[in-house]
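These notes concern the structure reproduced below.
The values are calculated or read from the model by the stated rules, or taken from the named source; none is laboratory data. Remember, it's a predicted structure, so these values are computed and weren't measured experimentally. Using ideal geometry, Cβ is built from the backbone for each residue, glycine included, and neighbour counts are taken over all protein chains shown. Just the protein is used for accessible areas: all its heavy atoms, side chains included, with ligands, DNA and RNA removed. Shrake-Rupley method; radii C 1.70, N 1.55, O 1.52, S 1.80 Å.
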Amino acid sequence: ETGKGAGRDIVTAGLRAAPYLLRLSQWDSALALLEESLARDHSRRTLAAALPRLRAIADGLRGQPNEPAAIGTLARVQRSMNPAAAEQQLMSVLATAISRARYDTAFVAAADLSEFLRESGRLDEALSYAGQSASYAERAQLGPWTRIAAQRNRLLILLEQGRAEQVLHEVGDLTSQTRQLAGEDPGGHEVIQPWMVEHTVIDTGRAAALRLGRWSEALAYNAANLDAMQRRGAPDAEIARTRFGDYGPLLNLGRTD
């Protein structure tokens with residue numbers, strides 16, 4: 001994935017390998033590959049291709065240790081079609097994970113619930129689940145990248161609450177941490193890809209700068225994001241959407257050309 005364009009290849013490989021793994025009842029392997037594909041491509045085409053396979057995986061893993069993770073991934077894909085049902089699924093995943101002391105899965109479910117609630121404007125509830133996700137990351141002894149991701153989720157909610165100045169300050173601390181970690185082996189205790197954490201932290205800084213009208217800072221954050229995306233071979237459509245976000249700051253700086 002360090003080569004330009006490899007991100008697209010990983011998306012395609014995961015989607016193409018999954019049917020064969022399902023026929024072999026290798027549910028865990030199929031789930032892992034689809035999660036890698038979905039982490040890199042959120043297009044409707046990819047979601048539609050993954051959905052029936054994720055349903056089969058969730059059925060295949062029923063009663064097994066990885067069942068909560070499968071249901072959680074399925075819920076995230078379904079939320080664009082039926083958000084209420086997806087929220088209930090995640091609530092069930094969280095309760096099951098806690099009862100089994102699977103705090104890594106509990107972290108993911110609580111983080112996803114926090115995101116759902118934030119997007120629906122239920123900010124106090126969202127903040128509560130963001131705090132829970134950070135606690136579960138600690139209890140599961142997850143790695144530093146995952147813990148940074150938990151803090152970033154909290155900052156998104158604070159941004160929606162109008163606390164952009166605080167968010168921009170704290171993002172500076174998180175970006176310093178990601179730079180220090182960049183050259184290190186992430187190890188085996190991360191449940192989120194380091195590149196995803198880097199991308200979302202940078203984008204949170206950009207969003208806070210936009211709220212405060214700090215146009216040059218917003219452009220700097222977006223440039224850093226584009227550089228990271230191109231290094232990992234992000235899909236062209238994703239890069240184009242990110243680059244398009246520069247138009248507002250450029251207009252406000254009078255750089256109309």
Taking N as its residue count, the alpha carbon Rg of the stretch 146-257 over 2.2 N^0.38 Å: 1.09
Probe 1.4 Å, protein heavy atoms only - accessible area per residue of the chain in square angstrom: 50 Å²
Prolate/oblate/rounded label for the stretch 57-116 (Cα gyration tensor, a/c 1.5): oblate
Approximate spin-label separation Glu165-Ser80, in nm, with each point projected 7 Å along Cα-to-Cβ: 3.9 nm
The chain: angle of helix 27-40 to the longest principal axis, Cα-based, in degrees nearest 10: 20 degrees
Computed over the stretch 36-178: relative contact order in percent, which uses C-alpha pairs under 8 Å that are six or more apart: 14 percent
Global form of the stretch 103-147, assessed from the alpha-carbon gyration tensor, a/c cut-off 1.5: prolate
Rounded to the nearest 20 debye, dipole of the chain from Cβ charges on Lys, Arg, Asp, Glu: 520 debye
Debye, to nearest 20: dipole size of the stretch 166-257, +1 on Lys, Arg Cβ, -1 on Asp, Glu Cβ: 340 debye
With Cα atoms, 0 to 90° folded angle of helix 123-139 axis to the chain main axis: 60 degrees
Percent accessible area from carbon and sulfur atoms, the stretch 199-257, protein chains only, probe 1.4 Å: 52 percent
Per-peptide average of other Cβ atoms within 10 Å, ordering 140-147, 129-136 highest first: 129-136, 140-147
In degrees, nearest ten, helix 164-181 long axis to first principal axis of the chain (Cα): 70 degrees
Virtual spin-label span in nm between Ser25 and Leu212, 7 Å along Cα→Cβ: 5.7 nm
Accessible area (Å², 1.4 Å probe, nearest 10) - Arg53: 60 Å²
The stretch 207-252, relative contact order [Cα under 8 Å, separation at least 6], %: 46 percent
Vicinal HN-Hα couplings computed from phi for the stretch 83-98 (Karplus, 6.51 cos²θ - 1.76 cosθ + 1.60; Hz; Gly/Pro x): x, 4, 5, 5, 4, 5, 4, 5, 4, 5, 4, 4, 4, 5, 4, 5
Calculated [θ] (222 nm, deg cm²/dmol) that DSSP helices of n ≥ 4 give over the chain, each run adding -39,500 (n - 2.57): -25500 deg cm²/dmol
Apportionment of accessible area to carbon and sulfur, the stretch 58-196, percent (1.4 Å): 48 percent
Cα gyration tensor, the stretch 120-192 - rounded (a/c under 1.5), prolate or oblate: oblate
Radius of gyration, Dmax [the stretch 1-75; alpha carbons; angstrom]: 12.1, 40
Pairwise label distance in nanometres, Ala95 with Phe244, each label 7 Å out on the Cα-Cβ vector: 4.0 nm
Principal axis dimensions, the stretch 40-140 - Cα atoms, whole angstrom, descending: 34, 33, 24
For the chain: relative contact order, % (alpha-carbon pairs under 8 angstrom, 6 or more apart): 17 percent
Cα-centred dipole magnitude for the stretch 1-68, charges only on beta-carbon of K, R (+1) and D, E (-1), debye, nearest 20: 320 debye
